[in-house]
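J.: Here it is: the structure, laid out below.
Nothing in this text is a laboratory measurement; each read-out follows from the coordinates by a stated rule. All values derive from a computational prediction rather than experimental measurement. Reconstructed Cβ throughout: ideal geometry from the backbone, glycine too, with neighbour counts over all protein chains shown.
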Amino acid sequence: MADTAKPWATAMPDAQFQLMHDILAAPSPIGLEGAMTHGVLKPYFEQIAPDGWTVQTFKGHAGVVLDTHPGRDDLFTVMVIGHADKIRMQVRSIGEDGKIWINSDSFLPTTLIGHEVTLFSEDPDAPGRYRRLDGGTVEALGAIHFADPKLRSGEKGVRKEQLYVELQLHGKDRKKQVEALGIRPGDSILMNRPIRRGFGPDSFYGAYLDNGLGCFVAAESARLVAEAGGAKNIRMLFAAATYEEIGRFGSRVLVSEMRPDAIIGVDVNHDYKAAPGIGDKRMAPISMGDGFTMSVGSIVSEQLNRRIEAVAHEKAIPIQRDVVGADTGTDGMAGVLGNVDCAATSVGMPIRNMHTISESGCTRDVLACTHAVAETLQALDTEESRTGQLAAAFCADHPRLDQAAGLDHRGLGDKDA
C-alpha cells in the first residue's frame, strides 16, 4: 500500500505532472527565457504566494524570484535556484538549396539527426515580435547511400559543421523562399519533444529536463512552505535564473543583487550506473529512482549539507551523495562566482541521456528533491526561531578535522564468519 505521508514514495499526481510538463514545455532558449519565467513560473508564484510575498523581476534578464520578505535584508536569507534557460541550436547561414545551416550548441551532433525542431524567428519588419516555424528536422548526411564507408560503419562521426535544418522545400530560389520568411542568422531552434510519462514505473522522458526540473522544484518547494504556514523567521528566495548553460551568469547576477546567506542550487544530475561506457571511471553509484542527490566537494558548505542530510534521514527521504570535485557544475557556485559570502550546496535528480531529445527521469526523485528542499527550509526557519543565531552558527561551526575522533576496525558484528 502506498504511504501517503511520503509523497516521494508514490506516483506524482496528474495535476502536478501537468505543471511540470508546462514548465518544461515553455520555449526558453538562452537569452529568451521569458516563456518559462514570466509565462509559467511568475503566474504560479503569484497564485501560491501568501500575502506579503512578492515576485521580483529584473531589467537585464528574464529571471524571476519569489521573495517571502521583500526588503528584509536583516533576516537570514536562503535562495533556492533553478535555471530556466535551455540549450538551443541557432541559425548560422542559409544555403542556396534552402538548407538552414545551424550551430549545435551543447548537443552532441549525432543525437540531433532526424529529430523535429521548432525555429523561433524575430520578425525583421517588427523587432520584438517573434514567429514560430514547426516541421523542420535536423539532418547532416541525407541518405545513408551518400555517406562514406566509415560513417556507415560507425567508425567516423558527424561533425557539428554538417548540421542543417531541412524544411522540405523544392522548386526555384529555395534560399529566397527561406529568406522571405524572415529567417536570419542567430534565430533560435529548440527540440520539439514535450515530456510524457514513460514505460517504467513513475518514469517520464522528453527534452529539456535540464533544467526546467530545477525550476519546478523551486516552485513546488515554495508552495509546500506556503501551505505549511510560510516563512516566519528567515527570508526565502525561490529563483529561476538565466544563462546557466553559458557560464552560470544569471544566478551570479541574482546572488550579487540579493546577497543571500545560503544557496541551494537545484539541477539535474547523471544516472552514473546506467551511463554507457564509463564503468572503468568508477563514478559515484548514483541511480535514477533511488532518490535525490546532494553534492559533496568543491565549494559546498558541509554545514548546509549536514542540515539537508539530517532532514532527509528524519523524514526518510531517499538521498544519494554526489562527488563533484572542483566544481559543482551548477548554480550552486553562484555565491563564489558572484563574490558573495554564503553557504552553498547543490541538490538534484539523476536523469539519463542529458542534453538529448530523450532525457528521462523518475518522478519520485523529483518529489524527493522537492520535499527535501522544503523541509530543509522549514528546519532552518525553526532553528532561527529557537536560537536566533543561525548566521552566527554558520560563521562559527565549520567542521574541524583536527578534532576528528579515531576510528578502529569494528569487524562485521553478527555478520562475521
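J.: Obtain the nm distance between the two label points defined at Ala316 and Gln90 by a simple spin-label model: each point lies 7 Å from its Cα along the Cα-to-C-beta direction.
T.: In this crude spin-label approximation the distance works out to 5.1 nm.
J.: Quick one, could you list the DSSP H helices from the chain stretching 20 Å or more along their long axis (Cα atoms) with average Kyte-Doolittle hydropathy of 0.5 or above?
T.: Once both thresholds are applied, what remains is 209-227.
J.: Would you work out which of Gln168, Ser153, Gly182 lies farthest towards the positive end of the dipole of the range 89-191? Charges go on Cβ: Lys and Arg +1, Asp and Glu -1.
T.: Sorting the options by dipole projection puts first Ser153.
J.: Express in % the proportion of alpha carbon pairs of the range 89-191 at distances exceeding 25 Å.
T.: 21 percent
J.: Under unit Cβ charges (Lys, Arg +1; Asp, Glu -1), what dipole magnitude, rounded to 20 debye, does the chain have relative to its Cα centre? Mind showing how you got there, number by number?
T.: Values: 43 positive and 56 negative charges, 197 e Å.
That gives a dipole near 940 debye.
J.: Could I have the simple spin-label model distance between Ile113 and Arg400, label points 7 Å from Cα toward Cβ, reported in nm to one decimal?
T.: Here the answer is 6.2 nm between the modelled labels.
J.: Taking GluC sites (Glu not before Pro) as candidate sites, keep only those in a DSSP loop with at most 13 other Cβ atoms within 10 Å, then name the longest stretch of the chain containing none of them.
T.: 156-417
J.: Out of all DSSP beta bridges in the chain, what portion is antiparallel? Express it as a percent rounded to 5.
T.: On the way: 39 of 66 bridges.
Taking every DSSP beta bridge within the chain, about 60 percent pair in antiparallel fashion.
J.: If you take the beta carbon distance between Phe146 and Ala9 as r and set R0 to 51 Å, what does 1/(1 + (r/R0)^6) give as a FRET efficiency, to the nearest 0.05? All intermediate terms of the calculation are to be shown ahead of the outcome.
T.: Numbers: r = 52 Å, r/R0 = 1.02.
Calculated value: 0.45.
J.: Using a Debye calculation, one point per C-alpha and no hydration shell, please list log10 I(q)/I(0) for the range 281-374 at q = 0.15, 0.25 Å⁻¹ in order.
T.: Reported log10 I(q)/I(0), two decimals: -0.60, -1.34.
J.: Follow-up question, since we're still on this one. Would you look at the GNM of the chain, springs on alpha carbons closer than 10 Å, and say which of Leu181, Leu19, Leu304 moves the most?
T.: Leu181
J.: A follow-up question, please. Where does the chain land on Rg/Rh, using Cα atoms and the Kirkwood Rh?
T.: Result for the chain is an Rg/Rh of 1.02.
J.: On to the next question. What is the ratio of the Cα radius of gyration of the range 241-397 to 2.2 N^0.38 Å, where N is its residue count, to two decimals?
T.: Cα-based Rg divided by the globular estimate yields 1.05.
J.: Ok, one more. Once both labels are modelled 7 Å past Cα along the beta-carbon direction, what's the Ser106-Asp280 spacing in nm?
T.: 2.8 nm
J.: Separate question: Can you give the charge dipole size of the range 89-191 about its Cα centre, rounded to the nearest 20 debye, using +1 on the beta carbon of Lys and Arg and -1 on the beta carbon of Asp and Glu?
T.: Dipole of the range 89-191, to the nearest 20 debye: 180 debye.
J.: Looking at the range 312-412, which trypsin sites (Lys or Arg not before Pro) are DSSP coil and have at most 10 other C-beta atoms within 10 Å of their C-beta?
T.: Working: sites: Lys315, Arg321, Arg352, Arg364, Arg386, Arg400, Arg410; in loops: Arg400, Arg410.
Here the sparse-neighbourhood loop sites are Arg400, Arg410.
J.: Based only on other Cβ atoms within 10 Å, what is the fewest-to-most ordering of Met12, Met258?
T.: Lowest to highest Cβ neighbour count: Met258, Met12.
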